[in-house]
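The values are calculated or read from the model by the stated rules, or taken from the named source; none is laboratory data. Note that the structure is a prediction, hence the values are computed from the model and not measured. Please note: Cβ atoms are built from the backbone with ideal geometry, for glycine as well, and neighbour counts cover all protein chains shown.
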Amino acid sequence: MNTQQVDIKERMSPTEFLQADDSARALEALGGHKLAGYDLTHRLGSGGYGEVWKAIGPGGLPKAVKIMYGERTGSHAEAEFKALERMRDLRHPFLLSIERIEVVESRMIVVTELADGNLSQRFDECRTEGRAGIPRDELLGYLRDSADALDFMAEKHGLQHLDVKPDNILLQGDHAKVGDFGLAKDLNVTNVSVINGFTPTFAAPELFEGRPGRATDQYSLAIVYQYMLTGVLPFNGRTAAQLTAQHLRSQPDVSNLQPIDRPVVARALSKNMHSRFDNCRQFVDELAKRKHGRSSNKVFVQQADNGDLARTALLKTQGCINDEALTREESTPIAITTEQTTGKALRPAVFIGVGGLAGIVMQQLRNRLDEQLGSRAADYPILQIDTDREALSELKAVGDKPGLSAEQTLAIPLRSSKEYRSASGVDLSWLSRRWLFNIPRSGQVDGIRPLGRLALCDHQATVRRHITEMLREAASPHEQNSEDLMARSRRRNEGVDVFVVAATSGGTSSGSVADIGLMVKAIVKKELMQDVEVHGILLHGTGATRNVTDVQEANTVATLQELVHLSTPGLGSPRGFDTRQTTEETTPFDHSFFVHLGDGLSRRKFHREAGKVATYLYDAAATDAQADFRAWREAEIVDANSHLSVRMLGISSQDAECFQTASSEGANLCSLMLRRWCGHMGQGSGENQRQLPAELTDTRTLLDDLKLTDNTLPRQVRALLKGECGRKIGAYAEDVFIKVKAEVNFETQPRGDVLNHMAQLLGCSTSISENGPSLHRIVAELSQSLTSITKSCEVSIHDHLQKLLDTPHRLEGANAASGYVVNTLDATVTGCKALLAEIESAFTDLSTMAPSDSPIQPNDGETLDEAAHAFCRQYCVLLAYQTIHQCFIDHVLKVAQSVSSFQAKLKTLKDSLENIAADMAGPLLLTDSVPQPIIDAFDRHVRTSFPDVLSEFLKNDQTSDDLGKKLSTSAARFLIASSDQDGQAADALGDTEDFPQSAWPGFRGSGGRRRVLGLMPEGIDQSDMEKTLRETFDDCVATRAIATDRVSVICEIEGVPTEKILQRLTHSNPHVTEVASRIHTRTDVDW
């Protein structure tokens, strides 16, 4: 700085000095250029991607100017520019308006309205005043404005902000405006790119995975609420890596919030987007309903009008969510051995299914019993109970379709509301009257638990009679002959195992399952039966729709709460349909099994999981594995401090034949698949080769489109000759006639001289008349055009044939199609040559129709000049047509030669694939050593995982070794996880499950003691299986060979407190407890 500058600085006031310094920095920020119409006064702040300045705009109005760091071509600048382009046209009172976007010296400049401050600054003010954060009512006002703006973006325009944080919620007066839209994404665009630049502290878990959804901004808004209110974040990670892990896997710490706020914020912070509130406004409204104060553990919450569930509910927040972080406790492995079964008989078993999902289990169980036991399947009574007659009908056997018999199904539909209200002698004092006024006309329960119990209550006599008959039959079978006696003696022993299967997430099933268990025990007591054990198989799974998921989870919570209550000594609550107080403390089940099928399940996956449960029931009741499972139950350690503990059950099962295949190296599968790819490669000839499979008719369509068939090419030539090219030929013929007429005397000179003269003129490459056409030029233009067309045809045909390599036809399809193309092109050339021969014949006739040494003779009524004109024109046209047809023949031949070259590449490809297959094949590999369904499925998997595998290999994009390694690795992974419940390989790896890892029960980490049993048919090496299981489950495994066609792994974790499962269900989605409190089955019990 020189002396003059120092003097000037010294004469400035401090304010003037700072303003001058800011002006210099502003000029520097703009790369030495000024922003036309705006005077930048001072910097408001800066971030990782730019600076924000206050500016005075046109009319003296204050504005905010954001100047992005880096060049306009930067990836973040590109993303922000696109986001701002989308946001500029949006108008909402609580969205910060964007007034101008431009690029100055490769730096993006954004001009917006200027706010008074932001939420973060207001938070700092409150902290300075000694507060924990922003006062709740004030904060809710700001969040309500923000929620309106965010929902406007999401619901009206399909946009998510994706960077909601205190700095981006701007304040103007008493209202808030959402600003800084640099990360906004359109969720209607399927190829949403990976998002960068978001703030990890406030980011939703799905944002870290690059798949934001409509509830992503709600998650961030919930963090903003807790932090701005309490000054404590729900996730305390200090680094981006720590925050990423916490958002994806850890539960939020909401203990600094008042109890009434915790379940609301916890729901908005659910890892599952579908479990959050419907929109941001609903989240804020739910907070606003709750009044702060010194609260006990009970809070009255006025519920919104929601049909059947609308009422004031008593929420016990203590049971809703644990103030401490959800702890995980791994189960303890218990060393086990298989029981000695030689000479031991099997206990009889009875199966009772309740509700729709249980019906699928019962149907598959019946099918499995029929397949494995034949006529002895009748020894295992089955009863499926449901309110849905149509669902029961679908389960029945019809024709060749296996299923349940009519005697194995029992419908218990609801009556009308009016009938129940007017019925006498029916005690419904246990049922809330509001349910009586909301009975569906269909007679079904529609997911409402109290109605499920009502249906059972209404039909209890019928149900009791059916169950009694089943138990009597199981306990005292009637042998018909000595053969039956010998068969049944194998499975007869004292006592009966009763399996009650029900989905806790359903309506009919969860509402009646406890009473079914109590009913069975009452019958056993009345019938004086000995050693009858009642096992409750409780299935929990949720669908993909959020509203359905909420109800399903609430049903499970309510069911487990009721089972806990009924298993708690000393409560003296009524049991079954006896409303009297009793000291009898009968529990519904002797053993309760909890099976978490999964979340977000499709219909197909529900069926698959139901099939695994059916496999377990068969193994536990009809095979020697019964002894092992019974020994586990007898050895159970009962926790005296737990009211009810359950046995969590995990099942993984696959077809035994598929498992044996998977146990060998995947190279054999690859070898067989590659051999099939190379099969049926004969070239063939004649008409048979031109008969294309129906799947390859696109090849014919392509050749038609390219005008290369014996029908389309002649039409193209005719169209050409009728068009501009034909007009040029006619004009040229006219010039030839004029030239010949000027130089030849038609009256005296013979025809031969005329022909020679025309031949000289036609052989000339220049035009006869000034600017007129010449045959040479016409042909040259056509040839140039055809060269481009030829290249285009070659590329189109090559692309088409290469794509066929990656279709189910593989080399066979590509070879058949290429052979079809070559033969079609040969036919086209033959047809063109036939036309050319006709032209040449006409040309010869024209030349020889009269002696060459005599003059041209006119026909009757024709002048000599007209005859000569016709002669010359016909000669020129025929010669042009002949030349043009030859050009098209050459065009087709070039395409055919290109296709022949492609066929040679196919032959080389085939040789390469056969060499790879030979290198992979085991020494004893046979064509039938791997079932065809497995090869089919793996081929489909390869097409899905590597859609261009053969076309890329054909283009030499990878070596044979690379291709072999890629396929063999893929095959090994595929075979480990390829089988579904029907023993058929899955369509793609994404729809398969890891075997045996998938046997880990859901809600793993809830404590307990685990055992694992591997079951397989005779002939499979048990030692290898046991080694694999020990690697996955530790030293708590055993294996057994049984009469089965499947390989199954059952992981059972005993002694899991029901409280742990309830905690897992409610901790990340606490609002389900509120719903569960309103759908308990009876009002005469204080659940």
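Listing for the model above:
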item: Counted residues, the range 803-830 - those being among the hydrophobic types (A, V, I, L, M, F, W, C) and touching a Cys at 6+ places or on another chain (Cβ under 9 Å); result: 1
item: Search result, residues across the range 1030-1087 that are in a loop (DSSP other than H, G, I, E, B) and among the small types (Gly, Ala, Ser); result: 1043, 1068
item: Positions within the range 827-861 being without any contact (Cβ under 8 Å) to a residue 12 or more places away in the chain and assigned to a loop (DSSP other than H, G, I, E, B), in sequence order; result: 849, 857, 858, 859, 860, 861
item: Tabulated pairs, the range 44-70, first under 13 Å from residue 180 (Cα atoms), second at pLDDT 85 or above and not in a strand (DSSP E or B), C-beta under 6 angstrom, 6+ apart or interchain; result: 64/114
item: Which numbered condition residue 847 fails, given (1) of a type outside the set (A, V, I, L, M); (2) at pLDDT 85 or above; (3) more than 50 Å from the chain's Cα centre (by Cα); result: (2)
item: Residue in the range 174-189 that is surrounded by the fewest Cβ atoms within 10 Å (Cβ to Cβ), counting only those that are within 21 Å of residue 45 (Cα to Cα) and at pLDDT 90 or above; result: 177
item: Residue 627 vs. criteria aliphatic (A, V, I, L, M), assigned to a helix (DSSP H, G or I), modelled with pLDDT of 90 or more and out of contact with any Cys (no Cβ under 7 Å at 6 or more places or on another chain); result: yes
item: Some residue of the range 1025-1041 being touching a residue at least 40 places away in the same chain (Cβ under 8 Å), farther than 30 Å from residue 264 by Cα and of a type in the set (Gly, Ala, Ser); result: yes
item: Filter pass, residue 414 being outside any helix (DSSP H, G or I), free of Cβ contacts under 8 Å to residues at least 60 places away in the same chain and of a type in the set (A, V, I, L, M, F, W, C); result: yes
item: Of all residues in the range 413-455 being of a type in the set (D, E, K, R) and more than 20 Å from residue 558 (Cα to Cα), the one that is surrounded by the fewest Cβ atoms within 10 Å (Cβ to Cβ); result: 441
item: Matching residues in the range 196-251 - criterion: being outside any helix (DSSP H, G or I), free of Cβ contacts under 8 Å to residues at least 40 places away in the same chain and among the hydrophobic types (A, V, I, L, M, F, W, C); result: 198, 232, 233, 235
item: Some residue of the range 862-873 being in contact (Cβ under 8 Å) with a residue 60 or more places away in the chain and more than 14 Å from residue 754 (Cβ to Cβ); result: no
item: Single condition residue 824 does not satisfy, out of (1) hydroxyl-bearing (Ser, Thr, Tyr); (2) without any contact (Cβ under 8 Å) to a residue 24 or more places away in the chain; (3) farther than 16 Å from residue 751 by Cα; result: (2)
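Here is a yes/no grid of residues against (1) over 17 Å from residue 590 (Cα atoms); (2) of a type in the set (Val, Ile, Thr):
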residue	(1), (2)
498	no, yes
521	no, no
527	yes, no
541	yes, no
548	yes, yes
